[in-house]
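Asker: Right, I'll just put the structure down here and ask away after.
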Amino acid sequence: MTQATGTDTGRQAPAVVPLNAVFADDFVQILVAVTTDNTAEQVAEAVAHHVEGKRVRALPYPKAVFHNGRRLAPKTTVAEAGMEPLDHVRVEYDIPKGEA
């Protein structure tokens, strides 16, 4: 029997989750590695990093992540959203109505 140490939180280390992603109106699907602890905000930035300002014009708006037809709250983690390896996500600009 092992005894828990003061540093043992019982929490697993974040796992890498490769996701298929499309950013805004880009025509290329990309593979992006995130972790189970990353938030939707962080996923959006990871996807945008490969596309924004390269194939898609950068816009001054926040980004939203969509997974399985639902928009994720910005602080939702990959684990909380139930994302699995090679799931598809879409990242869009969150443009306020009337500014498009």
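The values are calculated or read from the model by the stated rules, or taken from the named source; none is laboratory data. Since the structure is predicted, the reported quantities are computational estimates derived from the model, not experimental observations. Cβ coordinates were reconstructed from backbone atoms using ideal geometry, including for glycine residues, and neighbour counts include every protein chain displayed. Keep in mind that these areas ignore ligands, DNA and RNA; they rest on the heavy atoms of the full protein, side chains included. Shrake-Rupley method; radii C 1.70, N 1.55, O 1.52, S 1.80 Å.
Asker: Could you check region 45-60 and list, in sequence order, the residues that are of a type in the set (Gly, Ala, Ser) and farther than 16 Å from Ala21 by Cα? If you could, list the steps in order and put the result at the bottom.
Answerer: Applying the first criterion (of a type in the set (Gly, Ala, Ser)) to region 45-60 yields 46, 48, 53, 58.
Within region 45-60, Gly53, Ala58 meet the criteria.
Asker: Within region 48-60, which residues are in contact (Cβ under 8 Å) with a residue 24 or more places away in the chain and open to solvent by 50 Å² or more (accessible area, probe 1.4 Å)?
Answerer: As a first pass, look at region 48-60 and keep what is in contact (Cβ under 8 Å) with a residue 24 or more places away in the chain: 48, 50-52, 55-56, 59.
Once the filter is applied, which keeps residues that are in contact (Cβ under 8 Å) with a residue 24 or more places away in the chain and open to solvent by 50 Å² or more (accessible area, probe 1.4 Å), region 48-60 yields His50, Arg55.
Asker: Hey, which of the strands (runs of 3 or more DSSP E) in region 13-78, taking only ones fully inside, have at least 2 residues that are touching a His at 6+ places or on another chain (Cβ under 7 Å) and either more than 12 Å from Val91 (Cβ to Cβ) or modelled with pLDDT under 95 (or both)?
Answerer: On the way: elements: 16-23, 30-35, 63-67.
Those strands (runs of 3 or more DSSP E) do not exist here; none qualify.
Asker: Specify the residue that is nearest to Glu45 (Cα to Cα); the eligible residues are those in region 61-92 that are charged (D, E, K, R) and surrounded by 12 or more Cβ atoms within 10 Å (Cβ to Cβ). Lay out the reasoning, then the answer.
Answerer: Taking region 61-92 first, the residues charged (D, E, K, R) are 63, 70-71, 75, 80, 84, 87, 90, 92.
This time we only want the ones that are surrounded by 12 or more Cβ atoms within 10 Å (Cβ to Cβ), so: 63, 71, 80, 87, 90, 92.
Working: Lys63: 8, Arg71: 15, Glu80: 18, Asp87: 17, Arg90: 12, Glu92: 11 Å.
Checked region 61-92; the qualifying residue nearest to Glu45 (Cα to Cα) is Lys63.
Asker: Still on this structure, I have one more. Only residues that are assigned to a strand (DSSP E or B) and either without any contact (Cβ under 8 Å) to a residue 60 or more places away in the chain or touching a helix residue (DSSP H, G or I) at 6+ places or on another chain (Cβ under 8 Å) (or both): list them for region 79-95, please. Walk me through it before giving the result.
Answerer: Filtering region 79-95 down to residues assigned to a strand (DSSP E or B) leaves 88-93.
Scanning region 79-95 gives Val89, Val91.
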